[in-house]
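Encoded as structure tokens, the structure appears first; notes follow it.
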Amino acid sequence: MTSRTAQALRDGPEASPPDPALVRCAEVARTFGTGPTALVAVYAVSCAVMPGARIALAGPSGSGKSTLLHLMGGLETPTSGTVEWPALGGGPQGRPGLVGVVFQGPSLLPALDVTENVALPLLFEGVPGADATERATQALHRLRIDDLGPKLPEELSGGQAQRVAVARVLASRPKLILADEPTGQLDHEAGDRVISVLLEAADELGAALIISSHDPKVTTRLDDQWTMRDGRLITESASPTSTSATTSTSTSTATSTNSTSQSGPRP
């Protein structure tokens, strides 16, 4: 026995390197309802999102884009398969600030003004009130909507409310940003500004960014192009910041964070 072999036996098996993915989906499916009326929103998707990824998630309405983002954000539980967040040290549930989600629909609390809405997640993180307000004000200024600070959600247009929702995510400084149709209610100039701010913020924070959209002017600004159709992730183009991807009519590969998993009974 050589000295090198003896040393290896003493040291034991070599430890596997940690998984760098921010979020990893393995054969994930999400079905709503049961029986003949059941709707399969996401079908057997395998993907991972790596730090620094810039991903456009394209596809027609109803293709499963929103559901996949909600699964990645820990907002939905898969019917089958698993979702893990290895690099985040666990799931984002109950741990604000790790994953930021820009929702497609209304998401502001009607009783709070704009600044309070943006600052609220920071308070849940334990950020002192004055610091939370300062960060909220900075995020609003970045989107050029700081004049909306004292307004209530009912006083905002749909486009203004959407930009406030983006500011709320940016103020939390997450490691993974999931933006669901963030420009859907905006004109071209405002939408272009929102995408620019999301990209700039992701660069500064070192965060991964996924934006769902069916607008080519949005999707072409991101490095990787993924497509959802009928609940399946069918194409993707991997850049050096993403993991290598497998193109398939049923599964694909992406990258993300956190190390807990969710699973449910197979249908």
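The values are calculated or read from the model by the stated rules, or taken from the named source; none is laboratory data. Just so it is clear, the model here is predicted, and its values are computed rather than measured. Ideal geometry is used to build each Cβ from the backbone, glycine not excepted, and the neighbour counts take in all protein chains shown. Accessible surface areas use protein heavy atoms only, side chains included; no ligands, DNA or RNA. Shrake-Rupley method; radii C 1.70, N 1.55, O 1.52, S 1.80 Å.
Here are some notes:
- Boolean, Ala165 is in contact (Cβ under 8 Å) with a residue 40 or more places away in the chain and either part of a helix (DSSP H, G or I) or of a type in the set (Phe, Trp, Tyr) (or both): yes
- Condition check for Asp147 on (1) part of a helix (DSSP H, G or I); (2) touching a residue at least 24 places away in the same chain (Cβ under 8 Å); (3) open to solvent by 10 Å² or more (accessible area, probe 1.4 Å): one failure, at (2).
- Of all residues in segment 168-189 being touching a residue at least 40 places away in the same chain (Cβ under 8 Å) and over 20 Å from Gly64 (Cβ atoms), the one that is surrounded by the fewest Cβ atoms within 10 Å (Cβ to Cβ): Arg173
- Inside segment 115-140, residues that are of a type in the set (Ser, Thr, Tyr) and in a loop (DSSP other than H, G, I, E, B) make up a count of 0.
- Residue that is nearest to the chain's Cα centre (by Cα) [pool: residues in segment 192-213 that are open to solvent by 10 Å² or more (accessible area, probe 1.4 Å) and of a type in the set (Gly, Ala, Ser)]: Gly206
- Of the residues contained in segment 238-254, one or more are found to be in contact with a Leu (Cβ under 6 Å, 6 or more places away or on another chain) and either open to solvent by 20 Å² or more (accessible area, probe 1.4 Å) or at pLDDT below 90 (or both).
- Residue match in segment 7-18 (condition: modelled with pLDDT of 95 or more, open to solvent by less than 80 Å² (accessible area, probe 1.4 Å) and out of contact with any helix residue (DSSP H, G or I) (no Cβ under 7 Å at 6 or more places or on another chain)): no
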